[in-house]
Structures are given as C-alpha cells and as structure tokens.
Amino acid sequence: MRKILSLILAIVFVATALLSCTETGIKSPKDKPLVVATNFVLYDTARTLAGELADVRMLLPPGTDAHEYELTLADTALAADADLFLYIGGESEDWVDDLFASMREEDRPLACRMMDDAVIQSEEVREGMQEAEGGIHDEDEEEYDEHVWTSFENLYGIAEQICAGLQALMPDRTDTLNERLIDYKAMIGEIEDDYRAAVDGARRRTLVFADRFPFLYLVKELGLDYYAAFSGCSSNVEASLATIHFLVTKVQDEGIPAVFIIEFSDGKCAEAVARETGCEILTLYSGHSVTPEEFASGITYPELLRRNLEALKKALG
Ligand SMILES: [Zn+2]
C-alpha cells in the first residue's frame, strides 16, 4: 500500500510540476493557505473560522460514504498540497497513516487529529443490535466509536483544535480567529441549549434507529436511551429478520411515533418497521458528508443540527 502510494505521489508531483511549468515556468505560490478536511463537519467548521483567510476543501467528495472510501490519485495530490490537514483519526480513516507515511517528512502538512483531544466512547453492542463490520479486530482490543463530533462538548473542542491549527498557519491572524471561535461556539451553544430544552420538555426518552448508529455520543450527552439495528455505522449489511422484529416490538411496546435513518440510507430496515407499526421515518444527519446538491447549495453543519433538532422533537413527542 505504501509503495503504491509513494509511486502515485511521485507521478502526481511530476505531473503537477509539468503542468505548472507549461503554464508559468515555475510552480506558483498559493495566495492563501490550503486547508484540507476529511469530513463535512471539519470542513464546515474550518471554513466558518477561516472565512476568506484560507482555501478550505473537503477531501471526500460530497455524497461519499466515509466507511467505503478509498484514497484516489486526485485526493492524494490535494492532501499532499495541503498546509493544514484536518481528520478525525478513527477506524474509517486508517488510510491517513499510509498517506502520511508516503510523504517525505518535510512535505507533510500540519495535521490535527480530532480524536487526540476528544472525549472518547467505546462502541456499544446492545440487545437486538447487529454488530457492524469494520475490518479485522483483535478480540481483546477495545473498539472506539469514531463519531466524536456528534457530542456538543467534543464539537467545541474540535472548533478549538481547528482554530489552533489555523493560528499556527497564520500567527498574524490570531485575534481575528479567536473572535470567530468565540462567535462559533456561542452559535453552537444556542443550538445545544435548544436540544437540552427539547429533551427536558419531551414525553419520551428513547430513540429508535432502524439503521446504522453514529449518534452514541449525542444520546449519551443528552441522557437519552436508544435501540439501533447496528452498532456504529461502519458497514452496509442488511438487517436480519430478528433485528427488524426486535425493533418492531420496541416501537409497539413503547408507543414510539418515529424511527430514524441516517443520510444515504437505503431505508429498507426502517420501511419494514414502519410497515408493521405505522410509525414515521425521520432522518438524522450525521455530518459525515452531504449530497452534492446540498454541498453546492452551501449547507452548513449548524443547519443540519437544526434539522436534526426538529426530527428529535417529533420522535420524543
Ligand atoms: Zn460513521
């Protein structure tokens, strides 16, 4: 893998050098630092903080399932060109280690791994849940849930980490970036308050995910209970009849009005549960990615959080 990546990088560097040569004779310097983020939440937070000060890009093309992603030649070239590289550092981003290993040390961008500073939860496998597939694991090794950003506490920390990374690139902009960080945290703080008020005023305490489950951090933080078809969200396996039956029973016994799917879901499990119970199907957006159309429209992560809040209110009654 490393050898292939090294070869790919070598070809990219030569190709890039040739292109620049034909255009300008020398590789033109960037007028702004290039910030490359692996997922949508990091991308959106970075562009909100950096604004006009940096060129912020999302590495995984919109609509890509992060758990199915494989590094491409174009993405490798973009990452190699980055001044700041933002990533979560969970299981689905194992490829980042290979990417960095393929670069000469002096060519590696400044990198911020969010799981280094986040409060981490272990993955849970509860009654009724099918275990998600996520590669080969040591039986004794604890598995950590990588969706750290779905906790508000971690989201503030992520914004701080990104701000620190930007300040390292642009020390003369430290004050501006600090002001933007304060504004961003205040905006997210208002959304968090609305989530907590919604939960406090709710009749129910249990959410049902007839799908993969990237919201462990959110439910723990809000003091909610949950049932889910799969632990974590690392694969697209089909729900078994036993899983569907388990969820149908819970929805009926507890009078739950709606079950959740996540973005890019095929919805099959939820549709089976809805057919049996008459419940509604709602979407919770994890923030891994957005559709190409949403991306083009400039949608933001706080907007996704607001959409999720409305869905939670419906489900909690
Ligand atoms: Zn996921």
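The values are calculated or read from the model by the stated rules, or taken from the named source; none is laboratory data. Just so it is clear, the model here is predicted, and its values are computed rather than measured. Positions of Cβ are backbone-derived with ideal geometry, glycine not excepted, and every protein chain shown enters the neighbour counts.
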Q: Scan the range 50-70 for residues that are more than 16 Å from the ligand (Cβ to nearest atom), acidic (Asp, Glu) and either surrounded by 16 or more Cβ atoms within 10 Å (Cβ to Cβ) or within 14 Å of the chain's Cα centre (by Cα) (or both) and jot them down.
A: Asp55
Q.
I want to confirm something. Restricting to the range 71-99 and keeping residues that are surrounded by fewer than 16 Cβ atoms within 10 Å (Cβ to Cβ) and either over 20 Å from Leu110 (Cβ atoms) or small (Gly, Ala, Ser) (or both), which single residue is nearest to the chain's Cα centre (by Cα)?
A. Asp94
Q | Set Ile244, Ile281, Ile261: member being hydrophobic (A, V, I, L, M, F, W, C) and under 21 Å from the mean Cα position of the chain (by Cα) | A | Ile261
Q.
Can you tell me which of (1) at pLDDT below 95; (2) assigned by TED's automatic domain parsing to the domain that holds Asn178 is the one Gly128 doesn't meet?
A. (2)
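Table: residues versus (1) assigned to a loop (DSSP other than H, G, I, E, B); (2) touching a residue at least 24 places away in the same chain (Cβ under 8 Å); (3) within 16 Å of the ligand (Cβ to nearest atom); (4) assigned by TED's automatic domain parsing to the domain that holds Glu68.
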position: Asp97; (1), (2), (3), (4): no, no, no, yes
position: Glu106; (1), (2), (3), (4): no, no, no, yes
position: Cys112; (1), (2), (3), (4): no, yes, no, yes
position: Met115; (1), (2), (3), (4): no, yes, yes, yes
position: Asn154; (1), (2), (3), (4): no, yes, yes, yes
position: Gly157; (1), (2), (3), (4): no, yes, no, yes
position: Ile162; (1), (2), (3), (4): no, yes, no, yes
position: Thr176; (1), (2), (3), (4): no, yes, no, yes
position: Asp194; (1), (2), (3), (4): no, yes, no, no
Q.
For Glu263, only one of the following conditions fails: (1) within 13 Å of the ligand (Cβ to nearest atom); (2) surrounded by fewer than 16 Cβ atoms within 10 Å (Cβ to Cβ); (3) of a type in the set (D, E, K, R). What is its number?
A. (2)
**Q.** Enumeration of residues in the range 193-203 that are closer than 13 Å to Leu312 by Cα and not small (Gly, Ala, Ser)
**A.** Asp194, Tyr195, Arg196, Val199, Asp200, Arg203
Q: Test Ala202 against the stated conditions and say whether it is outside any helix (DSSP H, G or I), modelled with pLDDT under 95 and more than 16 Å from the ligand (Cβ to nearest atom).
A: no
Q: Only one of these is within 16 Å of the ligand (Cβ to nearest atom) and either within 19 Å of the chain's Cα centre (by Cα) or in contact (Cβ under 8 Å) with a residue 12 or more places away in the chain (or both): Gly287, Gly223. Name it.
A: Gly287
**Q.** Restricting the range 158-169 to residues that are surrounded by fewer than 18 Cβ atoms within 10 Å (Cβ to Cβ) and out of contact with any strand residue (DSSP E or B) (no Cβ under 7 Å at 6 or more places or on another chain), the residue that is farthest from Phe85 (Cα to Cα)
**A.** Glu160
Q: Look through the range 290-309, keep the residues that are among the polar types (S, T, N, Q) and in a loop (DSSP other than H, G, I, E, B), and return whichever of them is farthest from the ligand (Cβ to nearest atom).
A: Thr300
